[in-house]
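*Asks:* Dropping a structure here in structure tokens format, bear with me for questions.
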Amino acid sequence: MKLKHLLLLGTMAALTACENTPVSTQTNTAAATAADKFELDYEKFTLDNGLEVILHRDTSDPIVAVTTVIHAGSNREKPGRTGFAHFFEHMAFNDSENVPRGWNRKAIPDWGGQRNGGTWSDGTIYYEVVPKDAFDKILWIDSDRLGYMINTVTQAALDAEIQVVKNEKRQRYDNAPYGYTTEVIRKNLYPEGHPYSWTTIGLLPDLQAATLEDLKEFYTEYYGAANATLVIAGDIDLEETTEKVARWFGEIRRGPDVAPLEPMPANLTETKTLWFEDNFARLPELRITIPTVEDYHPDALALNVLGQILGGSKNSPLYREIVDTRKLAPNVSSYSSVDEIAGTFTIRVRGKADTDLDDVMDGIETALADFEANGVDPKDLQRIKAEQETILYSGLSTVLGKSNTMAIDNEFAGDPAYAIKQAELLTAVTAEDVMRVYDTYIDDKPAVITSFVPKGKADLAIEGSALAEVFIEEVKADNASENVTRGEIGDYEKTPSKYDRSEPPFGELPLVSMPDVWEASFGDGIRVLGIENSETPLVTFDITINGGGSLDPLAQKGVSSLLARLMNEGTATRTAAELEQAIGLLGSGISVSASAEEVTISATSLARNFEDTVALVEEILAQPRWEEADFERVKSAALTAITGREANPNAIASLSFNKLIYGDAHPLGLPTDGTAETVSTLTLTDLQDHYARMKTMSPRIHIAGAVSQARAEAAFATFADDFAAPDQPVPTYDIPEQNTDGTTYFIDVPGSKQSVLYIGKLTVPTAHPDFNKIQFTNEKLGGGISGDLAQTLRIEKGYTYGAYSSIGNGLTARPFIAGTSVRANATKDSLMIIEDMISSYGETFTQADVETTQSKLIKENTRAFESLNAKLGTLRQISKYGKSNTYVEDEQQELISMQLDDFRKIAATYLDEEEMIYLVVGDKETQFGPVTEFATGDVIELDIYGERVE
């Protein structure tokens with residue numbers, strides 16, 4: 001994961017010494033230089049052990065974010081031990097000397113917080129956001145993870161976590177379309193032994209070979225305090241926090257000095273062209289990867305701009321040639337990626353079905369020749385600079401965004417406010433700079449060219465390509481080495497400390513209340529809800545129109561989705577490229593999308609450009625562009641997307657499960673974006689007719705950000721003119737009788753390394769009196785990494801990377817679904833575990849579970865309103881479901897009033913395992929037999945479209 005360059009900061013003002021700090025302190029004020037001024041104050045100091053600490057106070061919400069960045073990623077690994085930095089990140093979340101086993105993953109969510117980590121080529125990041133009452137606890141956990149975990153590691157725990165990481169690799173790479181692409185590119189771009197010649201996830205044989213000695217060596221070398229940055233941002237007292245950091249982190253060993261890596265460019269001397277048949281791809285994909293420069297190089301930012309110029313907009317030469325003129329693909333992309341010691345520039349095209357990639361290559365060459373002849377459009381450069389301001393402010397909208405960004409920039413650039421320099425560089429980039437870096441690094445330079453094509457369609461690859469070498473795992477049945485547990489807690493001598501390192505108590509419980517909501521109305525009942533917040537000079541808003549996919553005639557399923565696509569493609573007076581440019585020049589973002597129950601026009605803008613952005617939204621809504629060429633382009637893109645999902649096991653499982661619940665005579669039983677059959681028959685006239693129907697539906701407007709009610713009302717004053725008086729309700733459909741209790745279904749995806757499992761049953765709509773109670777009751781079972789499903793299937797058994805359960809929101813009854821992707825040879829065992837857990841769930845629910853659930857969900861509300869999007873989501877809940885302006889407090893009282901018998905009753909009524917259906921998507925050759933054994937012989941086979949196989 002890479003989180004760099006999200007902050008827009010300005011010149012550093014005062015530098016003053018602060019007393020009572022371990023070594024040295026800087027108090028800084030970084031102020032944005034843009035038209036909308038924004039200031040960020042922070043203190044920076046260094047502990048005696050070399051740990052650099054940055055503190056930022058933000059009292060907007062009663063929460064605290066803590067981020068630790070280690071200056072060691074996969075580029076510090078050794079050949080034969082690839083994937084080790086990422087594997088160590090996993091291990092670091094397990095045991096430590098003073099924190100009980102598993103608390104990193106279980107306790108933090110139970111305290112109402114969120115946590116995660118990530119590894120990339122150059123570093124590793126750990127981060128949490130918790131209610132302020134858990135601040136001392138998170139310092140306790142984080143310091144123990146950094147300084148006191150290595151002695152607790154056992155061989156059994158190592159073996160178990162290896163299985164989890166292998167499952168992550170299977171889920172994200174081996175069992176996913178185009179998952180091997182990065183591995184092929186890196187192996188061929190960089191010389192053998194280069195730190196970037198392997199992927200961050202690594203190779204499975206290397207992971208399997210990891211030893212305790214390897215783990216300890218990596219920790220000793222790279223997990224010293226002097227090789228890390230700690231950032232704390234949120235509702236804190238700076239003086240108290242400085243003292244707490246010194247106590248919890250000051251005794252951690254310094255560690256050896258880690259020498260910085262010098263730039264190591266790829267030095268590719270000739271072009272390499274490779275191809276690979278992808279078992280999970282349905283569309284051919286071409287990538288051209290060219291070596292460039294490392295991060296912080298003077299040309300890095302110009303290369304980033306070049307990527308956006310060449311393929312980042314509808315006016316770009318690649319888009320015009322590949323998409324508009326030749327109609328070879330629905331989209332294109334080009335982008336620069338820079339890391340600590342080397343960088344790349346990539347052009348990527350995922351073609352339409354059966355597109356010959358030689359034609360795509362020819363189109364790319366034509367587009368680049370056009371760019372060489374015509375150069376940079378000045379308005380494109382202006383647009384990119386305007387858009388960047390909004391992107392950077394968006395990175396400041398949460399305490400976690402600030403914490404992560406400052407930590408990474410401090411560790412890698414030596415300056416938590418580094419982005420001021422980036423902003424200045426961006427402002428200074430000229431068209432001449434863009435052309436210069438194109439000539440220097442891209443034009444006629446050696447590249448790695450990869451063709452990933454569907455199984456059996458090697459003829460679509462670039463002519464003359466060599467077959468790429470890829471390690472493909474064979475998942476064997478009953479592999480004893482994969483059936484592991486974490487074992488007993490190891491024996492070790494605790495590291496001495498002058499402090500009490502036992503668990504600290506909670507602080508004062510933060511009080512949570514919803515932000516003030518203002519309300520207005522226009523015309524025939526058009527409701528407007530808003531929350532004013534001026535922390536950043538941004539406004540986000542949407543217009544939500546009832547209906548969505550539920551308004552589609554069944555024979556035209558996907559018409560709402562296709563209409564939304566078309567509304568993004570210009571207006572009556574602007575082409576798609578002209579509209580995109582008008583939006584971008586404001587620094588705004590506007591998109592139209594369709595979901596199962598509504599069409600939404602979403603927008604984000606700088607506060608100073610709010611009115612102009614609203615005007616463009618109204619133009620999009622009131623004046624669609626009814627051009628046949630535009631329609632055919634978006635229709636082709638929709639059909640390409642439908643084809644692309646046909647080999648994705650997760651998409652197959654989700655869509656087929658919905659079909660089993662709702663049938664094919666209900667809108668929710670069909671994909672919102674339609675099927676190949678329904679979309680292929682749609683015409684431009686069909687979209688115009690549907691647009692007329694949509695304009696009679698009731699819209700709702702939601703606004704959050706730095707704009708007052710009066711200003712918002714003035715901006716939308718003429719909006720009601722765009723809608724006719726509502727004259728028809730959204731059609732209703734009967735849900736078929738649920739008579740498939742206990743039935744097990746199987747869908748074959750040959751060669752799957754994992755099985756996707758969906759287990760569930762229909763429950764109730766969001767407005768039902770029991771809906772909240774079902775969500776509350778489910779929390780312990782599958783509400784995140786601390787839930788029973790994840791704790792058992794991932795933490796205890798190592799069968800999966802994640803396992804969860806949930807009930808979706810909607811006006812129509814929604815199903816309860818427990819879902820996971822497990823390694824193939826653990827399919828039967830996983831099904832048996834899930835069956836047992838759900839069937840005994842209610843009767844095993846205890847009073848302690850009641851108290852944990854209540855505390856967890858109430859404290860989670862401290863994070864419920866932080867970002868502008870979260871505030872917007874709150875407004876949508878009020879307007880769609882008729883909730884009160886204090887519904888969060890109301891639901892908290894509902895939760896508190898639930899007794900143990902209430903939880904058990906809800907589980908018995910709505911989570912009855914005997915009423916659930918089981919769906920397995922995996923490799924039939926190896927897994928149909930075990931699944932049949934689980935189902936005692938009664939398994940119904942479906943195809944990838946959810947239809948029975950006769």
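The values are calculated or read from the model by the stated rules, or taken from the named source; none is laboratory data. Note that this is a predicted model, so its numbers are computed, not measured. So basically every Cβ, Gly included, is an ideal-geometry build from the backbone, and we count neighbours across all protein chains shown. To get the accessible areas, we keep the full protein, side chains included, count just its heavy atoms, and leave off ligands, DNA and RNA. Shrake-Rupley method; radii C 1.70, N 1.55, O 1.52, S 1.80 Å.
*Asks:* Please give the number of the condition Gln382 fails out of (1) surrounded by 15 or more Cβ atoms within 10 Å (Cβ to Cβ); (2) touching a helix residue (DSSP H, G or I) at 6+ places or on another chain (Cβ under 7 Å).
*Replies:* If we test Gln382 against (1) surrounded by 15 or more Cβ atoms within 10 Å (Cβ to Cβ); (2) touching a helix residue (DSSP H, G or I) at 6+ places or on another chain (Cβ under 7 Å), just (1) comes out false.
*Asks:* Which one is farthest from Ala225 (Cα to Cα), of the residues in region 37-73 that are in contact with a strand residue (DSSP E or B) (Cβ under 7 Å, 6 or more places away or on another chain) and of a type in the set (Gly, Ala, Ser)?
*Replies:* Only one residue tops the list, namely Ala65.
*Asks:* Also, quick follow-up: Tell me, which residue of region 518-534 that is surrounded by 18 or more Cβ atoms within 10 Å (Cβ to Cβ) and within 29 Å of the chain's Cα centre (by Cα) is nearest to Gly234 (Cα to Cα)?
*Replies:* Step by step, filter region 518-534, then rank; the result is Asn533.
*Asks:* Are any of the residues in region 70-87 over 30 Å from Pro515 (Cβ atoms), at pLDDT 90 or above and assigned to a strand (DSSP E or B)?
*Replies:* yes
*Asks:* Kindly indicate whether any position in region 700-709 is more than 33 Å from the chain's Cα centre (by Cα) and open to solvent by 30 Å² or more (accessible area, probe 1.4 Å). Let's see the steps before the verdict.
*Replies:* Quick first cut of region 700-709, residues more than 33 Å from the chain's Cα centre (by Cα) only: none.
No: region 700-709 contains no residue that is more than 33 Å from the chain's Cα centre (by Cα) and open to solvent by 30 Å² or more (accessible area, probe 1.4 Å).
*Asks:* Does Gly224 count as at pLDDT below 95 and not aliphatic (A, V, I, L, M)?
*Replies:* no
*Asks:* Could you list, ordered by first residue, the pairs with Cβ atoms under 6 Å in which the first is in region 930-943 and more than 15 Å from Ile652 (Cβ to Cβ) and the second is basic (Lys, Arg), at least 6 apart or interchain?
*Replies:* Matching pairs, first to second residue: Pro930/Lys828; Phe934/Lys828.
*Asks:* Out of the residues in region 839-882 meeting the condition of being outside any helix (DSSP H, G or I) and open to solvent by less than 40 Å² (accessible area, probe 1.4 Å), tell me which one is farthest from Phe541 (Cα to Cα).
*Replies:* Residue satisfying both the conditions and the ranking: Ser840.
*Asks:* While we're on this one: Can you name every residue in region 579-636 that is in a loop (DSSP other than H, G, I, E, B) and under 28 Å from the mean Cα position of the chain (by Cα)?
*Replies:* Once the filter is applied, which keeps residues that are in a loop (DSSP other than H, G, I, E, B) and under 28 Å from the mean Cα position of the chain (by Cα), region 579-636 yields Leu586, Gly587, Ser588, Ser595, Ala596, Glu597.
*Asks:* Name the residue that is nearest to Ala908 (Cα to Cα), counting only residues in region 777-806 that are open to solvent by less than 10 Å² (accessible area, probe 1.4 Å) and of a type in the set (A, V, I, L, M, F, W, C).
*Replies:* So the residue we want is Leu781.
*Asks:* Return the total of residues in region 745-760 being over 26 Å from the mean Cα position of the chain (by Cα) and open to solvent by less than 20 Å² (accessible area, probe 1.4 Å).
*Replies:* 3
*Asks:* Being crowded, with 22+ Cβ neighbours inside 10 Å, within 30 Å of Ile391 (Cα to Cα) and among the basic types (Lys, Arg) is true for just one of Arg565, Arg633. Which residue is that? Can you show your working first?
*Replies:* Values: Arg633 fails: crowded, with 22+ Cβ neighbours inside 10 Å.
One residue alone meets the criteria, Arg565.
*Asks:* If Gly50 satisfies all but one of (1) under 24 Å from the mean Cα position of the chain (by Cα); (2) closer than 30 Å to His194 by Cα; (3) outside any strand (DSSP E or B), what's the number of the condition it fails?
*Replies:* Unmet for Gly50, out of (1) under 24 Å from the mean Cα position of the chain (by Cα); (2) closer than 30 Å to His194 by Cα; (3) outside any strand (DSSP E or B): (1).
*Asks:* Further, regarding this structure: So which residues in region 41-61 are surrounded by fewer than 20 Cβ atoms within 10 Å (Cβ to Cβ), at negative phi and touching a residue at least 24 places away in the same chain (Cβ under 8 Å)? Don't jump to the end; show me each part of the working.
*Replies:* Of the residues in region 41-61, the ones surrounded by fewer than 20 Cβ atoms within 10 Å (Cβ to Cβ) are 41, 46, 48-50, 57, 59-60.
From what's left, at negative phi: 41, 46, 48-49, 57, 59-60.
Within region 41-61, Thr46, Asp48, Asn49, Arg57, Thr59, Ser60 meet the criteria.
*Asks:* Further question on the same structure: Could you list all residues from region 904-922 that are over 16 Å from Lys761 (Cβ atoms) and buried (at least 24 other Cβ atoms within 10 Å of the Cβ)?
*Replies:* Of everything in region 904-922, those that are over 16 Å from Lys761 (Cβ atoms) and buried (at least 24 other Cβ atoms within 10 Å of the Cβ) turn out to be Val920, Val921, Gly922.
*Asks:* Going through region 464-479 one residue at a time, which ones are modelled with pLDDT of 75 or more, open to solvent by less than 80 Å² (accessible area, probe 1.4 Å) and assigned to a loop (DSSP other than H, G, I, E, B)? Break it down stepwise before answering.
*Replies:* Kept after step one, since they are modelled with pLDDT of 75 or more, are these residues of region 464-479: 464-474.
From the residues that got through so far, the ones that are open to solvent by less than 80 Å² (accessible area, probe 1.4 Å) too are 464-466, 468, 470, 473.
Within region 464-479, Gly464, Ser465, Ala468, Val470, Glu473 qualify.
*Asks:* Something else about it: For region 256-366, give me every one of the strands (runs of 3 or more DSSP E) that falls completely inside it and has 1 or more residues that are under 23 Å from Glu387 (Cα atoms) and basic (Lys, Arg).
*Replies:* Fully inside region 256-366 and qualifying: 343-350.
*Asks:* Any chance you could count how many residues in region 727-744 are over 30 Å from Glu914 (Cβ atoms) and surrounded by 15 or more Cβ atoms within 10 Å (Cβ to Cβ)? I'd like the intermediate steps shown before the answer.
*Replies:* Taking region 727-744 and keeping what is over 30 Å from Glu914 (Cβ atoms), we get 727-731.
Next cut, surrounded by 15 or more Cβ atoms within 10 Å (Cβ to Cβ) only: 730.
Total satisfying the criteria: 1.
For (1) in a helix (DSSP H, G or I); (2) touching a residue at least 24 places away in the same chain (Cβ under 8 Å); (3) open to solvent by 20 Å² or more (accessible area, probe 1.4 Å), each residue gets a yes or a no:
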| residue | (1), (2), (3) |
| --- | --- |
| Thr405 | yes, yes, no |
| Leu425 | yes, yes, yes |
| Glu432 | yes, no, yes |
| Arg436 | yes, yes, yes |
| Asp439 | yes, no, yes |
| Asp444 | no, no, yes |
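*Asks:* Among (1) closer than 24 Å to Ser465 by Cα; (2) out of contact with any strand residue (DSSP E or B) (no Cβ under 8 Å at 6 or more places or on another chain); (3) of a type in the set (A, V, I, L, M); (4) open to solvent by less than 40 Å² (accessible area, probe 1.4 Å), where does Ala369 come up short?
*Replies:* (4)
*Asks:* Among the residues that make up region 131-153, is at least one of them assigned to a helix (DSSP H, G or I), out of contact with any Leu (no Cβ under 6 Å at 6 or more places or on another chain) and hydroxyl-bearing (Ser, Thr, Tyr)?
*Replies:* Looking through region 131-153, at least one residue is assigned to a helix (DSSP H, G or I), out of contact with any Leu (no Cβ under 6 Å at 6 or more places or on another chain) and hydroxyl-bearing (Ser, Thr, Tyr).
*Asks:* Give region 851-876 a look and list any residue that's free of Cβ contacts under 8 Å to residues at least 40 places away in the same chain and within 18 Å of Glu532 (Cα to Cα), or say none.
*Replies:* Ala870, Gly873
*Asks:* Please enumerate the residues belonging to region 804-832 that are assigned to a strand (DSSP E or B) and under 19 Å from Tyr745 (Cβ atoms).
*Replies:* Ser805, Pro815, Phe816, Ile817, Ala818, Gly819, Thr820, Ser821, Val822
*Asks:* While we're here: Assess whether Asp235 counts as being closer than 21 Å to Gly113 by Cα, out of contact with any Cys (no Cβ under 7 Å at 6 or more places or on another chain), open to solvent by 10 Å² or more (accessible area, probe 1.4 Å) and acidic (Asp, Glu).
*Replies:* For Asp235, the condition - closer than 21 Å to Gly113 by Cα, out of contact with any Cys (no Cβ under 7 Å at 6 or more places or on another chain), open to solvent by 10 Å² or more (accessible area, probe 1.4 Å) and acidic (Asp, Glu) - is met.
*Asks:* With the structure loaded, tell me whether Asp686 is of a type in the set (D, E, K, R), at pLDDT below 95, surrounded by fewer than 19 Cβ atoms within 10 Å (Cβ to Cβ) and more than 28 Å from Arg876 (Cβ to Cβ) or whether it fails that test.
*Replies:* No, not satisfied.
*Asks:* Here's another thing I want to ask about it. Residues of region 314-344 being under 17 Å from Val360 (Cβ atoms), small (Gly, Ala, Ser) and crowded, with 23+ Cβ neighbours inside 10 Å, which ones?
*Replies:* Passing the criteria: Ser316, Ala329, Ser334.
*Asks:* Another question about this same structure. Going by the conditions given, is Thr152 touching a residue at least 40 places away in the same chain (Cβ under 8 Å), open to solvent by less than 20 Å² (accessible area, probe 1.4 Å), under 30 Å from Leu230 (Cβ atoms) and of a type in the set (S, T, N, Q)?
*Replies:* Numbers: touching a residue at least 40 places away in the same chain (Cβ under 8 Å): yes; open to solvent by less than 20 Å² (accessible area, probe 1.4 Å): yes; under 30 Å from Leu230 (Cβ atoms): yes; of a type in the set (S, T, N, Q): yes.
Answer is yes for this residue.
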